[in-house]
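Below is one structure, written out as structure tokens; comments come after it.
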Amino acid sequence: MKSKMLQATPNSSLMRIMATGSLIIICGLLVASLLISICSMYNLARQIQTTTRQPAEVMRKITDASTNVEKMHIYVLQLERQRSPQTVSYTDTMLEGLYLRTASIYKSLEKQYTGSVTDIVILAQLLENIREQNKNLFAYIADKRNSNESIKNFIHAVLDPLYNAVPAHITAVLNFEQSSIDSVYTESRKVLFSTTLFISFLTAAVILILILYYHLQWKMNRNIRQTSISLNNALIKAKEADNAKSEFLARMSHDIRTPLNGIIGMNFIARQNIQNKKVLADALDKTKTSAEYLLGLLNDILDMSKIENGKMKLIRAEFNLKKVIETIEQIERPVAQQKKLTFTVTVSDDINLNILGDELRLTQIIINLLSNALKFTPEGGNVAFSIQPGLMHDNQLPVRFVVSDNGIGMSEDMLSRIFKPFEQENAITASVYGGSGLGLTIVHNLVSLMNGTVSVKSRKNEGSIFTVDITFDIPSSVRQTENTDSPRVNVNRIRKFEKTRALILEDNPINMQILAEILAMYGISSDTAENGKSGLKKFLESQAGTYQLIFTDIKMPEMDGYECARKIRTSGHPDAQTLPLIAMSANAYEKDIEDAREAGINDYISKPINIDRLLETISKYLKYENATSIPPQEGYAASRDTLIKSR
């Protein structure tokens, strides 16, 4: 019995040792598990904090890249309807800029994106293919042998599949980033459950750790919620931007198609009634009206783009304020007479002086306001324009321009948003009176650039009053304009030039034919050259006195108009320094005009050609005879080629 007891004792001791050892091992495992859980929670917290930031950044960049590709697609699709040289050039520039920005985004995503690199590589390759096919498209368009239908088929067959392939890969990247956020959140929930179960068997110290864990978990969930809210807000903003883009495109599509329909329709009517002079003349007049409307619309959009991009630069030059007012009155009075409106202009003799500023932009401001007043005032109404100079102080003169009418007026709601882009009273106003809704926005921005103010008072069906206050600098030596100044060329006269020959440098055969035939109508014969290089050769090979004028386009192959003008001026030809050079280009911004002057060009006329402006320019350099009157309405738009009508 004793032996059994002795045998049991060692066994009990062993059991105790084993139990103690097991307890120590279990405690060690528990402690290790606790430490591992704490470390896991800490690492998970860091992972979640990193993940909640990184996917959002990747998703933002990939969304920007997607938007850029969509814009590229839109620009390409626009070429189905409009493929003028300036439109093609502008589209090429915009596509290249969008490509560079998108390529830069893809480059940065190669380091940030944690998914399959193949996704980004495929997107980058698609972008390169799109760029290459875009270049092929421009080459295809430049080939005059290709019809409009073949160009359209090229876009749909080659480019559309490439653009349509991008969203699928974009979605793959977005889905991966979203799954990363979802997996982290799911993993955090699992850790929460296991740790809660584990902590229930621990001591009070472990409970404290549990409390700490919950605190950390709460912070993690808050970060996830904040990230989710940020992503949702970004999605809402993206949708709003997309809606704004769609609304803008819809409005512009309608406003552009309306005059285009008039041009195409009236052209058809004219071709069908070649022998009926009355119908033919009416169709041509309406075609001209539609074309001028379309030009004004495009100019409004381009001006707004320059203002918003900070590229609008004001010229500081000396000009006579009274002459500007007289020019504006000559432009707008025929419109008032046509609508049977009473048009009153009140001018003080005190403004007959020279001031410093931007003559073109000041004229544009007043033209926009007067055009609006004349447009929105019914037949038999009154439109008044007054100029009120203030007191001169420190070589500065404040001037107030007031345009008032008793037209349809505006509601209080419209007054609060009158200077915002694309704003019109309602759909009926837009459909009846037309316009882009940019005229008053341009006025407001131009006045602000001049450090002035513009305000408006209006009541529905009672009329409107626009007041513009601008302070101008006065030159050190103020010159009063004498009555003996040489008069302006009367644009309502036809000039007949004799013994005059011109050289026309123009790469577009249609533009070349238009200018040559217009010159021929007024007695000017012409020789032509398809680019600056061949035009320079004709001039150098000509005898002295062969040409009295040279008209040159600016953008031409082989040699542009600037280089050609420089080579003419520096050549040894007898007429090199005296022959008038006149540039004719679709680019008519201040920098273009300044570049032309530096190249030795005497004058600059913007396209499309305005006949009165052309004749007025020619008359500066040539004598004319046999002038006969033409109806006022034919010369009405003479000074509008550089101005923008408000809509």
Expressed in square angstrom to the nearest 10, the accessible area of C27 with a 1.4 Å probe stands at 60
Over 23 Å (Cα to Cα) among K288/K457; K71/K555; K323/K620; K499/K567 -> K288/K457; K71/K555; K499/K567
For segment 51-192, averaging the sequence separation of alpha carbon pairs under 8 Å that lie six or more residues apart and dividing by its residue count, the contact order in percent is 38
Using the scaling law 2.2 N^0.38 Å as the reference, what is the normalised Cα Rg of segment 64-199? 1.47
Once the principal axes of the Cα atoms of segment 340-388 are found, what is the range along each, listed largest first in whole angstroms? 37, 23, 13
Please give, to one decimal in nm, the separation of the simple spin-label points placed at F198 and N136, each 7 Å out from Cα toward the Cβ. 6.0
Sorting K533, K567, K237 on solvent-accessible surface, 1.4 Å probe, most exposed first, gives K237, K533, K567
Starting from the residue with the highest accessible area, list I611, I25 in decreasing order, probe 1.4 Å. I25, I611
Reported to the nearest 10 Å², V166 has, with a 1.4 Å probe, an accessible area equal to 10
Percent of Cα-Cα pairs per 5 Å bin, from 0 to the last occupied bin, for segment 522-606, please list those. 3, 16, 28, 27, 17, 8, 2
What percent antiparallel are the DSSP beta bridges of segment 318-406, to the nearest 5? 65
Pull out the extension gain between T346 and N146, defined as 0.36 nm times the separation in residues minus the alpha carbon to alpha carbon distance; nm, one decimal. 66.3 nm
Show T377, T528 ordered by accessible area, largest first, where the area counts protein heavy atoms only and the probe is 1.4 Å. T528, T377
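The values are calculated or read from the model by the stated rules, or taken from the named source; none is laboratory data. Here the structure is a predicted model, which means the values were calculated and not measured. Neighbour counts run over all protein chains shown; Cβ positions are idealised from the backbone, glycine included. The protein model used for the area step is the full one, side chains on, heavy atoms only, and it has no ligands, DNA or RNA in it. Shrake-Rupley method; radii C 1.70, N 1.55, O 1.52, S 1.80 Å.
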